[in-house]
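J.: I'd like to ask you about the structure that follows.
The values are calculated or read from the model by the stated rules, or taken from the named source; none is laboratory data. Please read these numbers as outputs of a predicted model, since none were measured by experiment. Glycine gets a Cβ as well: all are built from the backbone with ideal geometry, and neighbour counts include every protein chain shown. The protein model used for the area step is the full one, side chains on, heavy atoms only, and it has no ligands, DNA or RNA in it. Shrake-Rupley method; radii C 1.70, N 1.55, O 1.52, S 1.80 Å.
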Amino acid sequence: MVEYLEFQIGKFIFKVATDRLYSDEGMWVKIGKRHVEVGITDYLQQRNGDVAFAEVKPTGTLVKLGDELVVIETIKVNISLSSPVSGKVVEVNSSMETSPEVINQDPYGAGWLVKIDLGGGDDGLMNLLSPQEYLEKTRHEAEQEVK
Amino acid sequence: MTDIIQKPKVVIVPCSGIGKTYGTVSREAAYNITEDLRPENTRLVALSKLVLGEEEARSVVANHPAITIDGCKLACATKMVQESGGCVARDYAVLDVYRRYKQFKPQGIAELNEGGEKLAQALADEIALAVDELTSEQGEIENG
């Protein structure tokens, strides 16, 4: 079962899953045996509102760290998110086509975006933040915004 | 003897979100239905009147089937109709409709862009069909 760190700003509670790593931008990376799973954080989904569409790079795409991986359109904004790792997209969550709201409903579970096979070499994992580091970063960001 | 058959009415309750594009789409769709598409069979009730507990609005909602149009997942229109003793016959969420009409991207608040106007029209067209279904069901019940 996934465990979470949490912080609260006003009435909003933000969760950070402890079993994965994070990019500055708000993507999470869960390391598996054969590939990594990538999604967006609870903080990012709550900040940007209900997801209308999520366009993810298709299976087979080679992505480098920093390449655009997904474009998400919400009721508030359009955001382009870059890949937190380098590798090859081996699976795209089919829910992104039919029910992208799953990102809002379950960002750390059923709302995953893609699975990526790391290419070896500098795959970008070393640049990612620990759950505690990501929590501190986003808490600071959120506190600055409400001041 | 001539029977005067009063056409049954369906109440339309849109989101009241001011300053939100999706709220504006919901209200624009509601105006399209109640003023242009099905003026004979529908009646617009402002959500704010239900929130304030206005007697007439509560009574109208309690005595007619309602179609709610929500601008966000808080679903205030649907919740307020239920809390006012009404029956939500159909509920629509603007975001769900937008997912079906991706080409109509809504923008603007006081005034919708062309995409927003078209989305409101598409939503209104769908709701008009629902009004037809509800009124024919009601008519069948009332006429035995």
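J.: Any chance you could check the stretch B:53-95 for residues losing 50 Å² or more of accessible area when the partner protein chains are in, compared with the chain on its own (1.4 Å probe)?
T.: B:Lys73, B:Leu95
J.: Can I ask one more? How large is the Kirkwood hydrodynamic radius of chain A, in angstrom, based on all distinct alpha carbon pairs?
T.: That comes to 15.3 Å for chain A.
J.: Roughly how many Å² is the accessible area per residue of chain A, as a whole number, for a 1.4 Å probe?
T.: Here the residues of chain A average 51 Å² of exposed surface.
J.: Further question on the same structure: If you take the square roots of the eigenvalues of the alpha-carbon gyration tensor of the stretch A:1-80 and sort them as a ≥ b ≥ c, do you get rounded (a/c under 1.5), prolate (a/b over b/c) or oblate?
T.: oblate
J.: At a Förster distance of 45 Å, what's the computed FRET efficiency of A:Ser80 paired with B:Glu55, Cβ-Cβ distance as r, to 0.05?
T.: It comes to 0.35.
J.: Shifting gears a bit: How far is helix B:114-142 tilted, in degrees, relative to the longest principal axis of the Cα atoms in chain B, given as a value from 0 to 90 rounded to the nearest 10?
T.: 20 degrees
J.: Can you give the net charge of the other residues whose Cβ lies under 11 Å from the Cβ of A:Glu101, counting K and R as +1 and D and E as -1?
T.: -1
J.: Further question on the same structure: Hey, any idea what % of chain A's accessible area is carbon plus sulfur with a 1.4 Å probe?
T.: Answer for chain A is 49 percent, counting heavy atoms of protein chains only.
J.: Using only the C-alpha atoms of the stretch A:1-46, find the volume of their convex hull and express it per residue in Å³.
T.: 76 Å³
J.: Residues of the stretch B:49-89 with amide nitrogen under 15 Å from the 7 Å Cα-to-Cβ point of B:Ile18?
T.: Hits in the stretch B:49-89 for B:Ile18 at 15 Å: B:49-52.
J.: Show me you know the interface measure: the accessible area buried between A and B, both chains summed, probe 1.4 Å, in Å² to the nearest 100.
T.: 900 Å²
J.: Note down the accessible area of A:Tyr134, probe 1.4 Å, to the nearest 10 Å².
T.: 0 Å²
J.: So what's the angle, to the nearest 10 degrees on a 0 to 90 scale, between helix B:21-31 and the longest Cα principal axis of chain B?
T.: Around 30 degrees separate the two axes.
J.: Could you tell me the center-to-center distance, by alpha carbons, between the stretch A:88-136 and the stretch B:33-111 in angstrom?
T.: Between the Cα centre of the stretch A:88-136 and that of the stretch B:33-111, the gap is 37 Å.
J.: Once the Cα gyration tensor of the protein assembly as shown is diagonalised, what are the square roots of 5 times its eigenvalues, in whole Å and ordered largest first, as equivalent ellipsoid semi-axes?
T.: In descending order the semi-axes read 46, 20, 16 Å.
J.: Keeping all protein chains in position, work out how much accessible area B:Leu74 exposes to a 1.4 Å probe, and write it in Å² to the nearest 10.
T.: 110 Å²
J.: Around A:Ile116, under 12 Å between beta carbons, what's the net of Lys plus Arg minus Asp minus Glu among the other residues?
T.: Overall, the nearby charge balance is +1.
J.: Using the alpha-carbon atoms, what tilt in degrees (0 to 90, nearest 10) does helix A:131-146 show relative to the longest principal axis of chain A?
T.: 50 degrees
J.: As a quick test, which of the pairs A:Lys30/B:Lys105; A:Lys30/A:Lys137; A:Lys88/B:Lys105; A:Lys30/A:Lys57; A:Lys15/B:Lys49; A:Lys15/B:Lys102 have an alpha carbon distance above 29 angstrom in this structure?
T.: A:Lys30/B:Lys105; A:Lys88/B:Lys105; A:Lys15/B:Lys49; A:Lys15/B:Lys102
J.: Under the classification rounded if a/c is under 1.5, otherwise prolate if a/b is larger than b/c and oblate if not, where does the stretch B:1-133 fall, given a ≥ b ≥ c as square roots of the Cα gyration tensor eigenvalues?
T.: Here the stretch B:1-133 falls in the oblate category.
J.: May I ask you to give the solvent-accessible area per residue for the stretch B:1-134, in square angstrom, as obtained with a 1.4 angstrom probe?
T.: 52 Å²
J.: Then there is this: From largest accessible area down, sort A:Glu91, B:Glu55; use a 1.4 Å probe on the protein chains.
T.: B:Glu55, A:Glu91
J.: Still on this structure, please answer the following. Around A:Glu73, under 11 Å between beta carbons, what's the net of Lys plus Arg minus Asp minus Glu among the other residues?
T.: +2
J.: Along the charge dipole of chain A, pointing to its positive end and built from +1/-1 on Cβ of Lys, Arg, Asp and Glu, which listed residue (A:Val77, A:Gly119, A:Leu44) has its Cα farthest out?
T.: Positive-end residue among those listed: A:Gly119.
J.: Separate question: Using Cα pairs under 8 angstrom and six or more residues apart, how large is the relative contact order of chain A, in percent?
T.: So the answer I get is 27 percent.
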